[in-house]
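Each reported figure results from applying straightforward, stated rules to the coordinates on display, with no laboratory input. In this text, all values refer to a predicted model and were calculated from it rather than measured experimentally. Heads up, the Cβs are rebuilt from the backbone with ideal geometry, glycines too, and the neighbour counts pull from every protein chain shown.
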Amino acid sequence: LGELSFECVGSNYFVLPLVVDSGIPTSYSLLFDSVALAAGFTDQLSQPINRETTEILIPLHQDVVPGKYRVQLVFANALPKCEEVALDLELIVNFSANMIFQRWNDVLSVVAPEYNYGFLFDSFQWVKNGEKLEGATRSYYYEEMGLDLEAEYQVEVVLPNGVVLTTCPFVPTPYTEPQQSPKKIIENQQLIIIRNNVRYNAQGAMIQENK
């Protein structure tokens, strides 16, 4: 069984690479613990496979929130002298990149709890292109020379229970100041806000994209 890769909220599956060195596997079952079942995972019983199977997909339900979950992967074997093979795995569901909010062209911040499943965090560590940024341990990150628009930013967070999770990579985009059209409003005239070439009405709904 290949190395387990982490997945983020919004993904459809965990993908487990599989290489069969011996035996003749005929099926596998996924048996989740009570915490994982309560979170939205479901047991998968007697799923057919063969020696040509190269990966196992573990469905990630849309209701599953970030966290660490346990599952037992059990292989059935066609050879009469071979017993079942059971592996205990930990599935780590990280936060999506949407947990990072860009403020202007030089600041990134973690969104408020009401936008991240109500999670509170004990500590933060910002990461750029896979490298931890020295001293970047607040809920926001300021880059004096401006954010690198070709870099991938992440934030590693520690939950009150000690669990360490991270986010999927976030790539900044050029930020332009909102503009108001028209500059002066008369009675019954529509107000339009333009930001990043997208037009919004006064309620914040997108109404038309400039071409």
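Some points to look at:
- Distant-in-sequence amide H partners of residue 96 (H built 1.01 Å from N, under 5 Å): 9, 168
- Among the GluC sites (Glu not before Pro) in region 1-104, those placed in a DSSP loop whose Cβ has at most 16 other Cβ atoms within 10 Å are 3, 52, 83, 84.
- Within a straight-line Cα-Cα reach of under 20 Å, residue 68 can be paired with the following aspartates and glutamates, leaving aside sequence neighbours fewer than 8 residues apart in one chain: 3, 7, 33, 43, 88, 90, 122, 156.
- Computed from the Cβ-Cβ distance with R0 of 35 Å, the FRET efficiency linking residue 6 to residue 103 stands at 0.85.
- Using the Cβ-Cβ distance between residue 114 and residue 35 with R0 = 35 Å, the FRET efficiency computed as 1/(1 + (r/R0)^6) comes to roughly 0.90.
- Relative contact order computed over region 60-168 (Cα-Cα under 8 Å; 6+ residues apart), in percent: 26 percent
- In this structure, residue 87 and residue 175 have a Cβ-Cβ separation that, at R0 = 41 Å, corresponds to a calculated FRET efficiency of about 0.35.
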